[in-house]
Amino acid sequence: TTILISKFKVSRPVSIFAATFYAFSPIYFRHAVLWEFFTDAMLWLPIILLGIEYIFEGKKGWLFSLGIALTLFNNGYFAFANLLLSGCYILIRLFIKLNENELNWGNKLRQVVVFGLLGLGISAVGFIPFVKGFLDNSRSSVEVFAPLWNNESFSIESLLVLDTVQIIPFIYLPIIFTLNNYKSKSFRFFSSFTTILILLRYSPKVASIFNGLSMPQYRWHYITYLFIAITIGIGIEQILKHK
């Protein structure tokens, strides 16, 4: 995660500090208490995103293939969450350049597909049995109730203090309300992406989608903490730059 944050022109000390907001996020301890493979997904996601950034810079995509293979082999449920998020990230980043030396969108897409399929092939020995098990698992008797928005659980107190799944670090607030930070294109991108993820916490429909269109499960929010960490790192770097 430190290396990933550093890719966005953030110094190493600031990157290490920002990465702790992912490594020590409340959801890590919530996941670790339940099943340790929940926390495995937190390892594979930064590797996948780092691999995407390497590809966009014109480097080989072996790290991306490794991240895809690890997450698919490890656990299909969290592979779905990681790859759904990564797919959205790729689609947006194809057309938004955060660095001057990035490939054009066509070359980006071609490399992502090639190295993504390579990762899929490497993981097939574990991923194919998961797919078979998923298809054999009948959920027809379950009636899914997942409204688009749950207004009852959304409040400032819940967002900052009381939520059992997602608590926003206080340092995040002064960073996103520091107007000078928005001079950075990277900050504008990640702060917008992160804000959307934070709000999606209160959508049972999104929780259902991340659970394979089944009952809403609020397990995917480690993704939000990773993007919070990236936003904090870029924001602090901008504050130091414009002090």
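Values quoted throughout were computed directly from the atomic coordinates according to the rules given, and no laboratory measurement underlies them. On a predicted model such as this, the values are computed, not experimentally measured, just so you know. Cβ: placed from backbone, ideal geometry, glycine included. Neighbour counts: every protein chain shown.
Could you estimate the translational diffusion coefficient of region 62-203 from the Stokes-Einstein equation, with Rh from the Kirkwood formula over C-alpha pairs, at 37 °C and 0.692 mPa s, in whole µm²/s? Write down the numbers at each step before the final one.
On the way: Rh = 18.5 Å.
It diffuses with D of about 177 µm²/s by this estimate.
The calculated 222 nm mean residue ellipticity attributable to helices in the chain amounts to -21000 deg cm²/dmol, summing -39500 (n - 2.57) over DSSP H runs of n ≥ 4 and dividing by all residues. Extent along the principal axes, Cα only, for region 116-180: 48, 36, 19 Å, with the longest axis given first.
Projecting the Cα positions of Leu103, Gly87, Ile156 onto the charge dipole of region 74-198 (unit charges on Cβ atoms of Lys, Arg, Asp and Glu, taken about the Cα centre) puts Leu103 furthest along the positive direction. The length gained on full extension between Leu179 and Asp136, counted as 0.36 nm times the residue separation minus their Cα-Cα distance, comes to 10.3 nm.
Of the listed pairs Lys9/Lys108; Lys108/Lys243; Lys7/Lys205, which have alpha-carbon separations greater than 31 Å here?
Numbers: Lys9/Lys108 21 Å; Lys108/Lys243 36 Å; Lys7/Lys205 33 Å.
Correct reply: Lys108/Lys243; Lys7/Lys205.
Among the chymotrypsin sites (Phe, Trp or Tyr not before Pro) in region 84-191, those placed in a DSSP loop whose Cβ has at most 10 other Cβ atoms within 10 Å are Phe95, Phe145, Phe170, Phe177. Between Val165 and Leu109, residue separation times 0.36 nm minus the direct Cα-Cα distance comes to 16.8 nm. Along region 219-224 the Karplus relation, 6.51 cos²θ - 1.76 cosθ + 1.60 evaluated at θ = phi - 60°, assigns HN-Hα couplings of 10, 8, 7, 4, 4, 4 Hz to successive residues, with x for each Gly and Pro.
Each Lys or Arg adds one and each Asp or Glu subtracts one; over the other residues with Cβ under 15 Å from the Cβ of Ser192, this totals +4.
Stokes-Einstein, applied to the Kirkwood radius of region 68-147 over Cα pairs at a viscosity of 0.890 mPa s and 25 °C, places its translational diffusion at 165 µm² s⁻¹. For the peptides 233-240, 38-45, residues were scored by their other Cβ atoms within 10 Å and the scores averaged per peptide; the highest-first order is 233-240, 38-45. Sorted largest first, the spans of the alpha carbon positions of the chain along the three principal axes are 58, 45, 30 Å.
With +1 on the Cβ of every Lys and Arg and -1 on the Cβ of every Asp and Glu, and nothing else charged, how large is the dipole of region 1-127 about its Cα centre, in debye rounded to the nearest 20? Please report the intermediate quantities before stating the final value.
Working: 10 positive and 6 negative charges, 58 e Å.
Approximately 280 debye in magnitude.
Karplus-derived 3J(HN,Hα) values for region 35-51, using 6.51 cos²θ - 1.76 cosθ + 1.60 with θ = phi - 60°, are 9, 5, 5, 4, 7, 4, 4, 5, 7, 6, 4, x, 5, 4, 5, 5, x Hz; glycine and proline are entered as x.
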